[in-house]
Amino acid sequence: MKLNRKIKNIEKAPERIIQFGEGNFLRAFVDWMVDEMNRKAGFNSSVVLVQPINFGMVDKLNEQDGLYTLVSKGIKNGKALKESQVIGSVSRGLNPYTQYDEYLKLAENPDMRFIVSNTTEAGITFDANDKLNDQPASSFPAKLTALLYHRFITFNGDASKGFIILPCELIDRNGDKLQKCVRQYCDLWSLDREFINWLDTANVFTNTLVDRIVPGFSPESAKEVKEKEGYEDNMVVDGEQFHLWVIEGPQWIKNEIPAEAAGLNVLFVDDVTPYRTRKVRLLNGPHTVMTPVAYLCGIEYVGDALEDELMGQFIQQTINNDIIPALDMPKEELEKFAAEVLDRFRNPFVKHALMSISLNSISKFKARVLDTIKEYNAKYNELPNNLVLSLAALMAFYKGEFNGKAITLKDTDYVLSFFNTNWKKLENKEMNLDAFVQVFLSNQMIWGEDLTKIEGLCERTAFYLDKIIHEGMEEVVKSVISIEA
């Protein structure tokens with residue numbers, strides 16, 4: 001029997017939240033929090049999930065009446081703990097590519113108050129080809145602008161019908177950047193001045209930081225749930241016990257989001273920057289750094305990478321020697337946070353696949369690691385060795401092949417096309433390795449700047465890429481550990 005509301009006797013609360021993204025993270029983070037606030041703080045709200053791309057999971061979720069099981073695993077109050085609960089906060093999912101009229105009707109619901117999103121680091125972008133009458137526009141900000149404009153028209157600019165907008169994409173000042181994109185569409189589409197005024201005064205674009213490791217769907221957890229609970233759940237999601245949501249915006253927002261009353265680790269702050277910097281550099285950064293290196297060493301999971309003698313040493317060394325020295329924060333505080341992060345990576349219950357982290361790895365490297373390389377270089381007038389090795393490993397990973405087996409790469413069409421073209425040129429000897437690295441690091445479509453201007457970066461990256469190709473990733477890791485020892 002498939003999970004549904006009848007067998008669990010879960011009613012739907014009024015729809016008050018629009019969520020762009022139906023993936024594992026938001027369901028294990030925001031939607032779980034909404035469920036907690038409904039049960040413990042009388043929030044009485046449900047979430048409508050909007051699929052941000054044409055292909056997604058809303059159909060599978062709708063087959064289960066929006067329900068799914070969250071299995072939380074990890075260390076809680078000093079003890080290893082595994083808990084499962086059915087999340088009932090999602091009312092339904094929509095695919096705007098096939099249900100555009102239904103999508104716009106969300107804006108017509110007077111109860112709607114919040115908009116949440118997680119469209120990956122690559123999601124908050126402006127595409128000048130998007131049009132207001134597209135059904136739908138391709139980019140998330142364009143879809144959002146069309147929805148907001150429909151809201152404005154429907155309620156004649158009523159100031160009480162604005163939204164609290166909570167983007168969860170892991171980019172710096174995510175709310176500011178989303179608002180900027182929306183304003184660009186206002187200009188591109190020549191939308192009225194009254195709408196722009198309503199956009200700026202009736203809506204709040206918050207900057208946020210999210211923190212919870214969510215490995216995603218686990219066949220083992222799905223099997224355990226079926227054996228224990230007696231229902232089939234194709235949308236089971238695993239997550240760690242730890243969670244943190246930092247929201248920068250007006251303090252009155254916390255009066256509308258009863259997180260404290262529900263016992264949630266949600267902070268309403270005046271400046272999210274220090275929280276973001278610490279988390280992105282010391283949690284997401286190591287994730288992104290280890291993914292191509294460990295995978296090309298034949299390791300598939302984060303926990304296994306930490307327990308592997310070679311990779312565990314490489315990760316610890318990268319944090320201690322490359323990442324922490326680049327940060328202008330108290331060293332003791334950073335070392336304590338890093339130790340907590342490594343304990344979370346070692347979570348005995350969670351099998352966090354490196355391939356799940358590898359989604360959009362290029363934009364992740366740009367958002368999570370590049371600033372550390374630049375700041376380390378500016379501070380010490382040299383390059384952080386292990387981070388450069390990881391950059392070379394990333395290029396090798398994007399060849400899409402390891403030990404004769406294909407790697408299923410997931411990234412933008414542009415990035416995939418770039419690597420496919422240039423790896424073929426390298427193999428056909430139409431380009432040498434140095435030129436390949438030069439073309440990659442100078443590509444402003446990828447990096448937004450020319451990285452060849454960082455002295456020595458091309459040469460060091462090419463050096464390590466050559467060693468990876470001819471000696472193998474494991475031997476290269478051994479050599480850098482030996483150098484740093």
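Of the residues making up the range 241-252, one or more are outside the structural domain of I362 (by TED's automatic domain parsing) and without any contact (Cβ under 8 Å) to a residue 12 or more places away in the chain.
Kindly evaluate T145 against the criterion of being part of a helix (DSSP H, G or I), assigned by TED's automatic domain parsing to the domain that holds L209, of a type in the set (S, T, Y) and in contact with a Phe, Trp or Tyr (Cβ under 6 Å, 6 or more places away or on another chain). Talk me through it step by step, then tell me what you get.
On the way: part of a helix (DSSP H, G or I): yes; assigned by TED's automatic domain parsing to the domain that holds L209: yes; of a type in the set (S, T, Y): yes; in contact with a Phe, Trp or Tyr (Cβ under 6 Å, 6 or more places away or on another chain): yes.
For T145, the condition - part of a helix (DSSP H, G or I), assigned by TED's automatic domain parsing to the domain that holds L209, of a type in the set (S, T, Y) and in contact with a Phe, Trp or Tyr (Cβ under 6 Å, 6 or more places away or on another chain) - is met.
On the given criteria, is D130 surrounded by fewer than 22 Cβ atoms within 10 Å (Cβ to Cβ) and touching a helix residue (DSSP H, G or I) at 6+ places or on another chain (Cβ under 6 Å)? Yes; evaluated as a whole, the condition is true for this residue. Going through (1) modelled with pLDDT under 95; (2) closer than 30 Å to Q316 by Cα one by one, T452 falls short only on (1).
Looking at the range 86-122, which of its residues are modelled with pLDDT under 95, in contact with a Leu (Cβ under 9 Å, 6 or more places away or on another chain) and not acidic (D, E)? Show your work before the answer.
Taking the range 86-122 and keeping what is modelled with pLDDT under 95, we get 119-122.
Next, from what is left, pick out any that are in contact with a Leu (Cβ under 9 Å, 6 or more places away or on another chain): 120-121.
Within the range 86-122, T120 is the sole residue that qualifies.
Residue count for the range 186-233 satisfying the condition of being under 30 Å from R173 (Cβ atoms) and either part of a helix (DSSP H, G or I) or not assigned by TED's automatic domain parsing to the domain that holds V86 (or both): 13.
Looking only at residues in the range 331-356 that are touching a strand residue (DSSP E or B) at 6+ places or on another chain (Cβ under 8 Å) and charged (D, E, K, R), which one is surrounded by the most Cβ atoms within 10 Å (Cβ to Cβ)? Steps first, please.
The first filter runs over the range 331-356 and keeps only residues touching a strand residue (DSSP E or B) at 6+ places or on another chain (Cβ under 8 Å), leaving 343-344, 347-354, 356.
When the remaining residues are screened for being charged (D, E, K, R), the result is 343-344, 351.
Numbers: D343: 13, R344: 21, K351: 19.
Here the answer is R344.
The values are calculated or read from the model by the stated rules, or taken from the named source; none is laboratory data. Here the structure is a predicted model, which is why all the values come from computation and not from measurement. Every residue, glycine as well, gets a Cβ built from its backbone with ideal geometry; the counts of neighbours run over all protein chains shown.
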